[in-house]
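A.B. asks: One structure follows; several queries about it will come next.
The values are calculated or read from the model by the stated rules, or taken from the named source; none is laboratory data. Keep in mind that what you see is a predicted model, and the values were worked out from it rather than measured. A quick note on method: Cβ atoms are made from the backbone with ideal geometry, for glycine too, and the neighbour counts reach across all protein chains shown. Keep in mind that these areas ignore ligands, DNA and RNA; they rest on the heavy atoms of the full protein, side chains included. Shrake-Rupley method; radii C 1.70, N 1.55, O 1.52, S 1.80 Å.
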Amino acid sequence: MPELITPTTALHRAWIEQRDEWGRGVHQDGAGLRPDDDVDSPAGFEAWVRKLAAEEDPSVAPVPGWVHCTYRWIVEDGRLAGAIALRHELNDFLLEAGGHIGYGIRPSARGRGLAVWALGAMLDVARDRGFDRVLVTCNVTNPASEAVIVRQGGVLEDVRETSLGTLKRFWITL
C-alpha cells in the first residue's frame, strides 16, 4: 500500500536509486530538487531535506520568487515511487504555468495508478489547509498526466503557451 511521507534522510539510499532511474540532472516534478542541490553526500542530502521542510514552514520566509510548499514522497514497500508538491499560493509564474500541485512518478512505477492516488491524497492535504480549489497543469504531450488530473476532478480552463511549453491548465474544486 502506498503512502505519502514527509521527506526524510532515512531514505537517502532509496532516493538516490530513484533519482538514478530518472537520470542525473533530469527534472523531477514535485521533488523540489534544484540544480545546485547536493543530494549525493549524506551531509548534502540532509541539508536538502531540511530545506524542503523549511519551505513548508510559514515562519520561514520563502526564497524571493518562490512560495511556501509542502513536499511529500510517494513510498511503496520502502521504495520511493515519486514525489508530489503542494504550493501554498500562486505567484504569477505558478498561475500561468506551474499550478498548485506538481508530481512525478519514477518510470518503473508508472501505469499502476500511483499518480491518481497521490494526487487524491494531496488534494486532502490542500482541503485541510483551507483550499477551495487548486490549479494543476500538464504538458499537452503528456496524456497520462492529463488523465490523472481529469480522474481527480480536473476541469480544463485553457491551453496556453508558457515558459514551460504548451500546457493544459485544470482547476479541481475541493
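A.B. asks: Considering region 130-153 alone, what residues qualify as being surrounded by 12 or more Cβ atoms within 10 Å (Cβ to Cβ) and closer than 21 Å to THR70 by Cβ?
C.D. replies: Of everything in region 130-153, those that are surrounded by 12 or more Cβ atoms within 10 Å (Cβ to Cβ) and closer than 21 Å to THR70 by Cβ turn out to be PHE131, ARG133, VAL134, LEU135, VAL136, THR137, CYS138, SER145, VAL148, ILE149, GLN152, GLY153.
A.B. asks: Could you grab me the full set of residues in region 115-170 that are among the aromatic types (Phe, Trp, Tyr) and within 16 Å of the chain's Cα centre (by Cα)? Quick ask: steps written out before the conclusion?
C.D. replies: First, the residues of region 115-170 that are among the aromatic types (Phe, Trp, Tyr): 117, 131, 170.
Residues satisfying the conditions are TRP117, PHE170.
A.B. asks: Every residue in region 17-60 that is assigned to a helix (DSSP H, G or I), open to solvent by less than 30 Å² (accessible area, probe 1.4 Å) and hydrophobic (A, V, I, L, M, F, W, C), please.
C.D. replies: Listed by number, the residues that qualify are PHE45, TRP48, VAL49, LEU52.
A.B. asks: Under 7 Å between Cβ atoms, which residue pairs at least 6 apart in sequence (or on different chains) link something in region 59-71 that is among the aliphatic types (A, V, I, L, M) with a partner that is modelled with pLDDT of 95 or more and surrounded by 11 or more Cβ atoms within 10 Å (Cβ to Cβ)?
C.D. replies: Hits for this filter: VAL60/ALA54; VAL67/ARG87; VAL67/HIS88; VAL67/GLU89; VAL67/ASN91; VAL67/LEU94.
A.B. asks: Right, something else. Of everything in region 1-16 that's closer than 23 Å to PRO35 by Cβ and in a helix (DSSP H, G or I), which residue is least open to solvent (accessible area, probe 1.4 Å)? Full working, then the answer.
C.D. replies: To start, the set of residues in region 1-16 that are closer than 23 Å to PRO35 by Cβ comprises 7-9, 11-16.
Filter again for in a helix (DSSP H, G or I), leaving 9, 11-16.
Numbers: THR9: 69, LEU11: 32, HIS12: 37, ARG13: 206, ALA14: 19, TRP15: 4, ILE16: 33 Å².
Of everything passing the filter in region 1-16, TRP15 is least open to solvent (accessible area, probe 1.4 Å).
A.B. asks: May I ask you to verify whether LEU156 is modelled with pLDDT of 95 or more, open to solvent by 80 Å² or more (accessible area, probe 1.4 Å), farther than 18 Å from ALA83 by Cβ and assigned to a strand (DSSP E or B)? Steps first, please.
C.D. replies: Values: modelled with pLDDT of 95 or more: yes; open to solvent by 80 Å² or more (accessible area, probe 1.4 Å): yes; farther than 18 Å from ALA83 by Cβ: yes; assigned to a strand (DSSP E or B): yes.
Taking the combined requirement at face value, the residue satisfies it.
Conditions tested, residue by residue: (1) closer than 16 Å to ALA83 by Cα; (2) assigned to a helix (DSSP H, G or I).
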site: LEU119; (1), (2): yes, yes
site: ARG127; (1), (2): no, yes
site: PHE131; (1), (2): no, no
site: VAL148; (1), (2): yes, yes
site: THR166; (1), (2): no, no
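A.B. asks: Which number in (1) more than 24 Å from GLU17 (Cα to Cα); (2) among the aliphatic types (A, V, I, L, M); (3) at pLDDT 95 or above marks the one condition that VAL63 misses?
C.D. replies: Answer for VAL63: the failing condition is (3).
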